[in-house]
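A quick write-up on the structure given underneath.
The values are calculated or read from the model by the stated rules, or taken from the named source; none is laboratory data. Everything numeric in this text was worked out from a predicted model, so none of it was measured. Neighbour counts run over all protein chains shown; Cβ positions are idealised from the backbone, glycine included.
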Amino acid sequence: MLLLAIPLGVLIGLSLGALGGGGSILTVPALVYVLGQDPRDATTSSLIIVGITSLIALVPHARAGRVRFAQGLLFGALGTAGSFAGTALSRSVAPSTLLLSFAALMLLVAALMLRRVLGSRLPAEVLDPTEEPMITLRPFACACPRVAKVVVTATLVGLLTGFFGVGGGFALVPALVLALGFPMPTAVGTSLLVIAVNSATALVARVTHGSSTLDWRLIATFTVAAIVGSLVGGRIASRANPRHLTVAFAVLLVGVALYTAARSLSLVG
């Protein structure tokens, strides 16, 4: 079982490093269906794996100047309330319902990712890594409509993190582009910082309000493999076409979502 954690961890780390998210949404299905964990234990384990991996994956992006620390920390702090609310909500949901909801989330994420690269309305800087941001929102500067958008988005991402045990990077990257005017590479790097903050917050909420039976050897193996994958993914991010990466990952998400939904419905039946 530990050997299976290595290729799975590398795959998820590759996505985190290359796309600034997305890989974390595969962690829970991998832990449940391939490695045999209980859904609630899997979501807690996922927070540890994704949080640590995101911090390590952040390093090469920071060295390349692709991380806005002030805005990222502020965005993560704004998601704290959502993380605690999502954690509380997850405890009242049956495991089969949790996984079925997770499958629906994966399909939604895949659709949004494909829309972004196949004719979305996002600004050009999403797809052009050479562009500078059109608008830079300074922390604590007052631009009320934009600030409101940031607060709502950060809270929703925190809610997803707490409920599903995912980092929320799939939502963070376009959110940082739209709400803060970041170019795509900067949004990818900064999203890793926000993922780490959100994961830590949601993990604290779970430890405070409930107990989980965690397999620490499995978590450590998975995390190390994910870290290796994330460092490779960081190099890929600076060279590969982001359109190709996003489309490939979206297709993978659809496959995993359909499998997760089928398994969840069989448990319900």
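Quick look at the values:
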read-out: Selection status of Leu26, of a type in the set (A, V, I, L, M, F, W, C), at pLDDT below 85 and farther than 16 Å from Val188 by Cβ; value: yes
read-out: Residue in the range 158-173 that is of a type in the set (Val, Ile, Thr) and either over 25 Å from Arg243 (Cα atoms) or modelled with pLDDT of 80 or more (or both) present; value: yes
read-out: Residues located in the range 84-93, provided they are at pLDDT 80 or above and surrounded by fewer than 20 Cβ atoms within 10 Å (Cβ to Cβ); value: Ala85, Ala88, Leu89, Ser92, Val93
read-out: Odd one out for Ile49 among (1) crowded, with 24+ Cβ neighbours inside 10 Å; (2) part of a helix (DSSP H, G or I); (3) over 14 Å from the mean Cα position of the chain (by Cα); value: (3)
read-out: Residue within the range 57-64 that is touching a Pro at 6+ places or on another chain (Cβ under 7 Å) and at pLDDT 85 or above present; value: no
read-out: Hits in the range 1-15 - residues which are among the aliphatic types (A, V, I, L, M) and at pLDDT 75 or above; value: Leu2, Leu3, Leu4, Ala5, Ile6, Leu8, Val10, Leu11, Ile12, Leu14
read-out: Where Ala202 falls short, out of the listed (1) more than 30 Å from Lys149 (Cα to Cα); (2) part of a helix (DSSP H, G or I); (3) modelled with pLDDT under 90; (4) of a type in the set (A, V, I, L, M, F, W, C); value: (1)
read-out: Ala81 vs. criteria modelled with pLDDT of 80 or more and either buried (at least 22 other Cβ atoms within 10 Å of the Cβ) or assigned to a helix (DSSP H, G or I) (or both); value: yes
read-out: Number of the condition not met by Leu74 [criteria: (1) within 22 Å of Thr246 (Cα to Cα); (2) among the hydrophobic types (A, V, I, L, M, F, W, C); (3) at pLDDT 85 or above; (4) assigned to a helix (DSSP H, G or I)]; value: (1)
read-out: Meets criteria (in contact with a Lys or Arg (Cβ under 8 Å, 6 or more places away or on another chain) and at pLDDT 80 or above) for Gly189; value: yes
